[in-house]
Amino acid sequence: MDEENSTQEGPTWRTSQHDYYQDSHDLAEILKEQFTKAFPEKETEIIPADLIQFHGLHMPAVMIEPLCLSNPEDDLKLNDRFFLATIAQTVVDSLTEYDSIQFFE
């Protein structure tokens, strides 16, 4: 069904993230802080984007790109279990911090 011709009430798939932009940004800031601590040699940035993958989600959403697969050095890191575990732990720590902040607000 075409979004413009939809008869459903409420937000369309495309606008479903609007209510979560600030929460998504807050989560992205926490992730940036944690990734900067875990990987101080790597530049960490937040780039706002209206990604189609997030359309239809009714919750905060961020995309994390810790590696650039076209970079040969990053490509080698895919086989480094410690590096991958550090990425995973950084995400867990960020989500835990975000959840504790949301719980107390």
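FYI, it's all coordinate maths here, none of it is from the lab. Since this is a predicted model, take the numbers as computed values, not measurements. Cβ: placed from backbone, ideal geometry, glycine included. Neighbour counts: every protein chain shown.
Mind ranking 83-89, 68-74, 25-31 by how tightly packed they are, going by the mean number of other C-beta atoms within 10 angstrom, highest first?
Ranked by mean Cβ neighbours within 10 Å, highest first: 25-31, 83-89, 68-74.
List the residues whose amide H sits under 5 Å from the amide H of Ala61, counting only those 5 or more places along or on another chain, with H placed 1.01 Å from N in the peptide plane.
Amide H to amide H, under 5 Å and 5 or more residues apart or across chains, Ala61 pairs with Ser24.
I'd like the Karplus ³J(HN,Hα) series for the stretch 73-85: coefficients 6.51, -1.76, 1.60, θ = phi - 60°, whole numbers in Hz, and an x wherever there's a Gly or Pro.
My calculation for the stretch 73-85 gives 5, 5, 4, 5, 5, 5, 9, 8, 4, 5, 4, 5, 5 Hz in order.
So what does log10 I(q)/I(0) come out to for the stretch 24-83 at q = 0.15, 0.19, 0.30 Å⁻¹, using the Debye formula with one equal point on every Cα and no solvent?
Log-scaled intensity ratios, in q order: -0.57, -0.84, -1.26.
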